[in-house]
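Single-structure report; data block below.
The values are calculated or read from the model by the stated rules, or taken from the named source; none is laboratory data. What you are looking at is a predicted structure, and each value in this text was computed from that prediction instead of being measured. When we count neighbours, we look across all protein chains shown, and the Cβ atoms used for this are built from the backbone with ideal geometry, even at glycine. The area values use the complete protein model at the heavy-atom level, side chains included, leaving out ligands, DNA and RNA. Shrake-Rupley method; radii C 1.70, N 1.55, O 1.52, S 1.80 Å.
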Amino acid sequence: QVQLVESGGGLVQAGGSLRLSCAASGSIFSVNGMYWYRQAPGKQRDLVAAITSGGSTNYADSVKGRFTISRDNAKNTVYLQMNSLKPEDTAVYYCVLDVRRVGTSTDFRYWGQGTQVTVSS
């Protein structure tokens, strides 16, 4: 099985920064796509950022220029550096990893438990 552990959320003032981490462990052969989603109260869950196994990145328009997604393949970990935070960034943030488990030929999608990010004005 595969476990994802998120960390780094918290309360920050507008204009501040936070760095989220998500580490995967277990029977992992490789990790392909890595993603961060977020869900604000009463809203749908939206894709914030994505990074491929080759390092190509993609961002939601609302976070371009402020957030940076990165990965450490040796540690099966994905990061989200969030700068210039705004109150509208307040949400639960979820990491998502497409994992190829040892002995399988298909990627499985795993979700982290979510971490709360609250930005005060």
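Heavy-atom surface analysis with a 1.4 Å probe gives the chain a carbon and sulfur content of 47 percent of its accessible area.
Surface exposure of region 20-121, expressed per residue as accessible area with a 1.4 Å probe, stands at 49 Å².
The aspartates and glutamates within cross-link reach of Lys86, meaning a Cα-to-Cα straight distance under 19 Å and a gap of 8 or more places when in the same chain, are Asp46, Asp61. Ignoring aspartates and glutamates fewer than eight residues from Lys43 along the same chain, the ones with Cα atoms less than 16 angstrom from its Cα are Glu88, Asp89. Estimated from the Cβ-Cβ distance and a Förster radius of 25 angstrom, the FRET efficiency linking Ser121 and Lys75 is about 0.10.
Each residue of region 44-52 was assigned a 3J(HN,Hα) from its phi angle through the Karplus curve 6.51 cos²θ - 1.76 cosθ + 1.60 (θ = phi - 60°); the sequence is 6, 7, 10, 6, 9, 7, 9, 9, 7 Hz, with glycine and proline shown as x. Extension gain, Ser56 to Ser105: 0.36 nm times the residue separation minus the Cα-Cα distance gives 15.3 nm. Between the alpha-carbon centres of region 107-121 and region 1-79 there is a gap of 8 Å.
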